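Trainee: What follows is a single structure, and I will ask about it in a moment.
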Amino acid sequence: MIFSIVGKGISGVSVARFLKRRKQSFFFLDDSSKTLNEYNILHSREVILSPGISVEHKAIQAAIKYKMKIWNEIDISIKSIPACFNVGVTGSNGKSTTTSMLGFLFIKVFNHVFVGGNLGIPLSQCLEWGKKLKFIIMELSSFQLEIIKDLKLDIANLSNLSPNHLNRHKTVKEYYRTKRNIFKLLKDRGVGFDLSFPLLRKDIKKKYTNRLNLLGKHNMQNICLNILNSQLVEITEEAFQKSVKMFMGILHRLEVFGQRRGALWVNDSKSTSVFSQIAAITCFAGTVHFVLGGVGKGVDYTSLERLMISSVVFFYVIGTESLILLNLLKKRKLNVVCVGNLDNAIFCISKRIRVGDVVLFSPGCASFDQFINYEQRGFFFRRLYHAV
């Protein structure tokens, strides 16, 4: 059997190690090296598709035409893992925080818990755990949910839905449909929680509003899903509350760096949608210096006008979406300047900030025009913060 691994990102490299340990033959195909084409892919028997490559790619369509098996890293890995209690989390915003919080809770209560998936650790990396593995908690992106078939979930969680990734899914309806594919992965007696319907949240907000170490009221959604999941696996209320108090959030999601020149600096580099930007800006009152932009994802930015509600905002736009964002914000007569990149943004901000201001980096776009990923983008912002 010869596999073609399409994409040399984190999941592609990880599944290559998995195949190598099993002495399976494979080769890489990738757009960046111009090897991903119809001719090369037909030299394999089966295809392992990385999430970043669309099934609409001509080479993948050729493989489908010739009825080749199309795998993804999760499906090919799950077949080699002993039966576990599997939990999946997806949503337009908050899925990483929800997954991390849930993983933190399970690790505190149980042993042998894998936390990963789209969160950054491929499932194939936990294969060496063998029979010790008891729980698998995975963040699942819409790109992964396009083709996952063999993963079976005990609990499926959908945190919320808002337009995103329209450069890939084309329509909002198609994007929402793909997200809801998570419920098709449930086992016969599996349980699904869909918080895109707000009724589930009402009785929880009051109880936990002042117990979180996280910025933003939107984290009540994350708490809701964690409560519902913990009740299903019979985690005690005492253990749950203790974990909630200890959980400090994740890197690059409303991560408070500290004070510089009297201003509070906040890294929200993981923000890649307008709705996550709105959730971020509503955490602050007063004057906010807001850095945004990057690679667009085909979404409508008009919701940004809502950012005027509670704060005085100075916008600094960067990246390939600069002109689009500049024109939109100027039409709304907002304070905006096009600075091109993050270095220039911080230089401008350092000349204008006053005591009590907030510097918020919440791009609302992908990072691939100037950075490898949102992590590199966030760490670069941290370096600039320390240099101010």
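Trainee: Rank-order 377-384, 21-28, 259-266 by packing density, defined as the average count of other C-beta atoms within 10 Å over each peptide's residues, highest first.
Mentor: So the order, starting with the most tightly packed, is 377-384, 259-266, 21-28.
Trainee: Determine, from the Cβ-Cβ distance of ASN341 and VAL388 and an R0 of 25 Å, the FRET efficiency 1/(1 + (r/R0)^6), rounded to the nearest 0.05.
Mentor: Taking R0 as 25 Å, the efficiency between ASN341 and VAL388 is 0.95.
Trainee: Can you work out the FRET efficiency for the pair ASP150 and GLU38, with r the C-beta to C-beta distance and R0 = 35 Å, to the nearest 0.05?
Mentor: Step by step, r from the Cβ atoms, then E = 0.85.
Trainee: Say a paramagnetic label sat at a point 7 Å from the Cα of LYS242, along Cα to Cβ; which residues of the range 92-125 have their backbone N under 14 Å from it?
Mentor: Output list for this probe position: 105-111.
Trainee: Rounded to a whole number, what is D in µm²/s for the chain from Stokes-Einstein with the Kirkwood radius over alpha-carbon pairs (4 °C, 1.567 mPa s)?
Mentor: Stokes-Einstein gives a translational diffusion coefficient of 58 µm²/s.
Trainee: Okay, next question. In a shell of Cβ-Cβ distance under 10 Å around GLY298, excluding GLY298 itself, what net charge do Lys and Arg (+1) and Asp and Glu (-1) give?
Mentor: Overall, the nearby charge balance is +2.
Trainee: Please arrange THR287, THR171 by counting, for each residue, the other beta carbons lying within 10 Å of its beta carbon, fewest first.
Mentor: THR171, THR287
Trainee: Taking 7 Å along the Cα-to-C-beta vector as the label spot, tell me the VAL191-TRP129 distance in nanometres, rounded to one decimal.
Mentor: Output for this residue pair reads 2.1 nm.
Trainee: Using square roots of five times the C-alpha gyration tensor eigenvalues, list the equivalent-ellipsoid semi-axes of the range 255-387 in whole Å, biggest first.
Mentor: Equivalent-ellipsoid dimensions as semi-axes: 19, 18, 13 Å.
Trainee: Report the extension gain between ARG352 and VAL55 in nm, rounded to one decimal, defined as 0.36 nm multiplied by the number of residues separating them, less their alpha carbon distance.
Mentor: 102.2 nm
Trainee: A further question follows. If you average 1/r across every pair of different Cα atoms in the range 81-246 and take the reciprocal, what Kirkwood value do you get, in Å?
Mentor: Result for the range 81-246, one decimal place: 16.2 Å.
Trainee: OK, next. Divide by every residue of the chain the summed helix terms, -39500 (n - 2.57) for each DSSP H run of at least 4, and state the resulting mean residue ellipticity at 222 nm, rounded to the nearest 500 deg cm²/dmol.
Mentor: -10000 deg cm²/dmol
Trainee: Moving on to the next point. Separation between the ASP300 and LEU323 pseudo-spin-labels, each 7 Å from Cα along Cα→Cβ, expressed in nm?
Mentor: Between ASP300 and LEU323, the label points sit 2.3 nm apart.
Trainee: Is there a pair in LYS79/LYS149; LYS69/LYS131; LYS217/LYS270 whose C-alpha atoms are over 20 Å apart, and which pairs would that be?
Mentor: Over 20 Å Cα-Cα: LYS69/LYS131.
Trainee: Estimate the FRET efficiency between ILE64 and LYS20 by the formula 1/(1 + (r/R0)^6), using the beta-carbon distance for r and 25 Å for R0, to the nearest 0.05.
Mentor: That pair, ILE64 with LYS20, gives E of 0.40.
Trainee: Let me check I've understood the local charge: for LEU254, count other residues with C-beta under 11 angstrom from its C-beta, Lys and Arg +1, Asp and Glu -1. What total comes out?
Mentor: 0
Trainee: For PHE27 and ASN213 in the same chain, what is the full-extension length gain: residue separation times 0.36 nm, less their Cα-Cα distance, in nm?
Mentor: Going from the current span to full extension adds 62.4 nm.
Trainee: Order by neighbour count: LEU29, LEU186, fewest other Cβ atoms within 10 Å first, most last.
Mentor: By the 10 Å Cβ count, ascending, the order reads LEU186, LEU29.
Trainee: Let me ask something else. Can you list, largest first and rounded to whole Å, the semi-axes you get for the range 1-77 by taking the square root of 5 times each eigenvalue of its Cα gyration tensor?
Mentor: Ellipsoid half-lengths, sorted descending, are 18, 13, 11 Å.
Computed from the coordinates by the stated procedures, all read-outs in this text should not be read as laboratory data. As the structure is a computational prediction, the values presented were derived from the model and not from experiment. Note that each Cβ is placed from the backbone with ideal geometry, even for glycine, and that neighbours are counted across all protein chains shown.
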